[in-house]
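Colleague: This is the structure, below, for whatever I ask next.
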Amino acid sequence: MSAPAQAPAPAGYGRVLAVPEFRAVFAAHVLSMLGMIVSEVALSVLVYDLTRSPLWSALTFALGFLPYAVGGTLLAPVADRFPARRVLVTCDLVGAGCVALTAAPGPGIGPLLVLRCCLAVVAPVFSGTRMATLADVLGDGDLFVLGRSLLRIVAQSALLVGYGLGGLLLTVVTPRHALLITVGTFLASAALLRLGTRHRPARTRPGGDAPPGLRRLLARPRVRVLLLLFWVPAAFSVVPEALAAPYADALGSGSTGLGLLMCALPVGTVAGELFAGARLRPAVRERVALPLLCLTLLPYLGYALHPGLTGSLLLLLLSGAGSAYTLGLDQWFVRDVPEELRGRAMTLLSAGLMTVQGAGMALAGVAAEVAGVGAAVVGAGAVGVLCCCGLALAARATESRDGAARHMTGR
């Protein structure tokens, strides 16, 4: 009797990196992330040097979130109406030009903030187009999911070390000189994308959609639910990070505790994604997506027990690991969005993520002022779990209507 056929092994991250075009996109992503982090740190310091105002310095960071909504809605059709490589290279060149102007001597606080807004408006178009390009490079199956996961891991890891390295950089060069490094990373990213990826025609023709080009996309109930599945948990998950400074102060853990609290959630996220991407099969990742979605914010309820620094870090690590549900969502999203709308869908997804995180941070501050830091985190966990459970039910409902149940569950 012949041996039973073995199930195919999961496509690990090594298979993704074996694709030459993806390596170019990956390297460009690393350079763009480093450049953005350096520019955020340098601009914040530069604005503070000009104004001596902590408010204006903090506003520089906030402006990295708020214009995403504008760029993601008004400019989303660009991702599909022009060839992807052209859009990506143009966004990098626009970014390099904006940063070069901020690095030039002379601009005051007003022009600096305007240029910061311009960078933030272009960013969702770039990230959305890049996500759609991944589906062209890797296909819309498991390799796409792992490619998206790898880019997220790089982003989380860059946040862990980037701000510290940016601060060290400013001990040896001025903020304006540091901004020139960002110009170089954007130009290098543009060169990698231009030379390392092949030309593909635009997905849609101009004039095919009513402005702003999202009506046809948002008319699909399934797509609306999937967007909310990405956005809603993100709005609640940022609450502990937004309140890390006052929470560390209340614990008496000082700057060391603050740094650990800021790192715990990203470390958990990276660990969860690495495990799910490397060890779980595609069908399993899809099957556990909704249960993980409902559980990922549950650890925040542990703040009601006043867990101290060690307990808080464990809760944040656990919550971050639960965000591995995004690998399953990625597969559903690329499967359920029509190819000709993929660029604007990814742009809208990226813009919405940044916008809801900015709003979540602001609302966290308001809640903490009224009820205290611990209660704000517990409230975010409770309301977030309820919202996620409701969205999971909505996902099942749209699943049954569009006949995708077999794909979602992997059965």
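The values are calculated or read from the model by the stated rules, or taken from the named source; none is laboratory data. These numbers come from a predicted model, not from an experiment. Using ideal geometry, Cβ is built from the backbone for each residue, glycine included, and neighbour counts are taken over all protein chains shown. In case anyone asks, the SASA skips ligands and DNA or RNA and just uses the protein heavy atoms, side chains included. Shrake-Rupley method; radii C 1.70, N 1.55, O 1.52, S 1.80 Å.
Colleague: Set Lys and Arg Cβ to +1 and Asp and Glu Cβ to -1, take the dipole of the chain about its Cα centre, and tell me which of Gly141, Pro111, Leu88 lies farthest positive.
Modeller: Result: Gly141.
Colleague: Using each residue's phi in segment 261-269, evaluate 6.51 cos²θ - 1.76 cosθ + 1.60 at θ = phi - 60° and report the 3J(HN,Hα) Karplus result to the nearest Hz, with x for Gly and Pro.
Modeller: Taking θ as phi minus 60°, the curve returns 5, 5, 8, 4, 5, x, 5, x, 4 Hz for segment 261-269.
Colleague: In segment 217-350, if every C-alpha pair distance is counted and binned at 5 Å from zero, what percent goes to each bin?
Modeller: 2, 10, 18, 19, 16, 13, 10, 6, 4, 1, 0
Colleague: Taking only the C-alpha atoms, wrap a convex hull around the chain and report its volume per residue in Å³ as a whole number.
Modeller: 159
Colleague: A further question follows. Compare the Cα positions of Val70, Ala178, Pro299 along the charge dipole of the chain (+1 at Cβ of Lys, Arg; -1 at Cβ of Asp, Glu; about the Cα centre) and return the one farthest towards the positive end.
Modeller: Of Val70, Ala178, Pro299, it is Val70.
Colleague: In the chain, what percent of the accessible surface is made up of carbon and sulfur (1.4 Å probe, ligands and nucleic acids excluded)?
Modeller: That share works out to 70 percent.
Colleague: With a 1.4 Å probe and all protein chains left in place, how much accessible area per residue does the chain have, in Å²?
Modeller: For the chain, the per-residue accessible area is 43 Å².
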